[in-house]
Amino acid sequence: MKNLKYSLILLLLAIAAVVPAQSYRIVLVSQTARPGEYFLGQHFRDTFILRDSVRATGTDIVFAGNGNLEKGVYTLLDAKRKKMFDFMVDDSRKFTIVFDSTYSNSGMKVSGSKANQLMFDYLSKLDWAREKAKEFGENKKSSDAAVKAKAEKELDALSEEMEKYESDYFKTNSKYLFTQLARVSANVPVPDVMPEGAKEKNLRDWQAIYFRTHYWDSV
């Protein structure tokens with residue numbers, strides 16, 4: 001179902017993204033980038049559609065032109081057309097991203113595009129949460145009852161923190177394309193208590209109906 005929602009929203013974005021021709025200049029910089037050919041691509045099933053190419057002679061990989069560059073998710077590909085990392089074309093078509101050798105989200109430094117900076121901030125937060133969840137999950141396996149109980153509380157607290165973070169992020173940055181895409185993959189928040197007057201007598205039955213009813217809210 002998530003793949004279906006992704007496909008639908010990407011199709012709608014593609015239809016809506018026909019804009020007058022305007023210039024673009026995307027500078028991707030890394031001290032470890034090697035001179036050679038690079039490609040600007042977009043995901044299409046299991047491959048990429050190539051939108052531009054450039055031969056870099058130093059650490060700066062510069063894609064520039066005057067043609068239409070639609071809003072969407074783009075990918076930097078190396079000479080072998082292997083994915084390096086994704087970024088957005090949204091609020092700006094002239095921006096710079098400095099990246100490290102591991103393409104880590106926390107290592108991305110953006111200028112000229114708030115949309116990209118917000119995206120990498122969000123992804124960095126998710127990376128942090130996954131590492132914390134992994135750590136707490138290991139502690140939860142402990143034979144020490146105190147350690148296990150602490151880990152369970154930490155996991156619950158982490159879950160609450162991330163739910164609040166995502167909720168605040170989606171509300172504050174709703175105008176950005178990445179937020180719209182991220183909301184599609186986010187879990188549907190299901191209330192823990194049935195409202196008064198609900199027809200269902202069983203909480204789980206009511207929650208299942210609520211989930212199905214609100215599954216497409218973010219699309």
Open item on the list: Checking the conditions here, which among E152, E135 is open to solvent by 60 Å² or more (accessible area, probe 1.4 Å), free of Cβ contacts under 8 Å to residues at least 24 places away in the same chain, in contact with a Lys or Arg (Cβ under 7 Å, 6 or more places away or on another chain) and part of a helix (DSSP H, G or I)?
Closed with: E152
- [ ] Scan the range 28-37 residue by residue and report those that are assigned to a loop (DSSP other than H, G, I, E, B) and open to solvent by less than 20 Å² (accessible area, probe 1.4 Å).
- [x] S30, A33
Open item on the list: So D90 ticks every box in (1) open to solvent by 20 Å² or more (accessible area, probe 1.4 Å); (2) touching a helix residue (DSSP H, G or I) at 6+ places or on another chain (Cβ under 8 Å); (3) of a type outside the set (S, T, Y); (4) modelled with pLDDT of 95 or more but one. Which box is left unticked?
Closed with: (1)
Task: Flag if Q117 is without any contact (Cβ under 8 Å) to a residue 12 or more places away in the chain, crowded, with 16+ Cβ neighbours inside 10 Å and under 24 Å from Y176 (Cβ atoms) - done: yes
Open item on the list: Suppose we filter the range 56-67 for residues that are surrounded by fewer than 14 Cβ atoms within 10 Å (Cβ to Cβ) and in contact with a Pro (Cβ under 8 Å, 6 or more places away or on another chain); how many remain?
Closed with: 2
Open item on the list: So A129 ticks every box in (1) over 18 Å from R34 (Cα atoms); (2) open to solvent by less than 70 Å² (accessible area, probe 1.4 Å); (3) out of contact with any Asp or Glu (no Cβ under 9 Å at 6 or more places or on another chain) but one. Which box is left unticked?
Closed with: (3)
Open item on the list: For S142, only one of the following conditions fails: (1) open to solvent by 60 Å² or more (accessible area, probe 1.4 Å); (2) part of a loop (DSSP other than H, G, I, E, B). What is its number?
Closed with: (1)
Open item on the list: Residue under question is R25, and the condition is that it be surrounded by 13 or more Cβ atoms within 10 Å (Cβ to Cβ), touching a residue at least 40 places away in the same chain (Cβ under 8 Å), in a strand (DSSP E or B) and not aliphatic (A, V, I, L, M); does it hold?
Closed with: yes
Task: Matching strands (runs of 3 or more DSSP E) fully within the range 38-82 where at least 1 residues are within 20 Å of F120 (Cβ to Cβ) - done: 60-65, 72-77
Open item on the list: Within the range 57-65, does at least one residue satisfy the condition of being of a type in the set (D, E), farther than 15 Å from F87 by Cα and modelled with pLDDT of 90 or more?
Closed with: yes
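The values are calculated or read from the model by the stated rules, or taken from the named source; none is laboratory data. Keep in mind the model is a prediction, meaning the values are calculated, not measured. Cβ sites come from the backbone with ideal geometry, for glycine too, and all protein chains shown count toward neighbours. Just so you know, the surface numbers come from the protein's heavy atoms only, side chains and all, with ligands and any DNA or RNA stripped out. Shrake-Rupley method; radii C 1.70, N 1.55, O 1.52, S 1.80 Å.
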